[in-house]
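The values are calculated or read from the model by the stated rules, or taken from the named source; none is laboratory data. Computed from a prediction, not measured in an experiment: that's the story for all the values here. Glycine gets a Cβ as well: all are built from the backbone with ideal geometry, and neighbour counts include every protein chain shown.
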C-alpha cells in the first residue's frame, strides 16, 4: 500500500478528449492525491528553458518516473522533457521535480545505428520520438484510460512516456506508454484511443 493511503479519496475522473469525431470517457476510481506536476505542467516549465538553449530546438518526448494514478508526479517522482537541436546535433533534457524545481542536461546524439529493442524500428535523435504532435492528451487522461484496461490493485505508475516508444498499432505516430507497478504496459494514442498492451 502507498504511504498516502490515508489521503486516498474517491474522485470522479470524467475526461473527454477528441480527435475529429473520436471521443471517450474514462471510469471513476480511487486515486492517490499526488503532490507533483502533470506532464503538461512539466512541459510548460521546460519549454522556455529549451528555447533559451536553442530557439530552433524541438521538444521530442516526455518521460515520467514514479507518477501517481492521478497523472501527477509523486513526492520522489519526476518528469523528463527531451529536446533535439539539429543545429547543435545534441539533446537537451529538462528534469522537472514535483515542486517545479528543475535540472538541465545536455547530451550528445545517440549512435545512428541504434534500433528499438521491441519493434526493431530505427531510432531517431531521441529514441523513436517523432516531431511533437499538434494535439495530445495529458498524463491524467492517458493514465486513467490505461487503468480502465488493467485489473488488480494499482498504486502508482512506474513509467509514463509520451512519444518515446513505438506502437505497432500506430507506427510512426506519437503515443503514450503507461507501465503500472503491476501488469502489462499500455499504449494510448495522442488522441486518447486505447491502442493495446505491450
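Conditions tested, residue by residue: (1) buried (at least 16 other Cβ atoms within 10 Å of the Cβ); (2) modelled with pLDDT of 95 or more.
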| position | (1), (2) |
| --- | --- |
| 21 | no, no |
| 47 | no, yes |
| 50 | yes, yes |
| 55 | no, yes |
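Given the criterion part of a loop (DSSP other than H, G, I, E, B), touching a helix residue (DSSP H, G or I) at 6+ places or on another chain (Cβ under 9 Å) and modelled with pLDDT under 95, identify the matching residue among 170, 154.
Details: 170 fails: touching a helix residue (DSSP H, G or I) at 6+ places or on another chain (Cβ under 9 Å).
None of the other options fit; the residue is 154.
Taken over region 128-164, the criterion of being more than 14 Å from residue 68 (Cβ to Cβ) and under 10 Å from the mean Cα position of the chain (by Cα) is satisfied by 137, 161, 162, 163, 164. Checked against the criterion of being at pLDDT 80 or above and under 25 Å from residue 68 (Cβ atoms), region 104-126 contains one or more residues that satisfy it.
With respect to residue 144, determine if the residue is in a strand (DSSP E or B), within 22 Å of residue 77 (Cα to Cα) and at pLDDT 95 or above. Taking the combined requirement at face value, the residue does not satisfy it.
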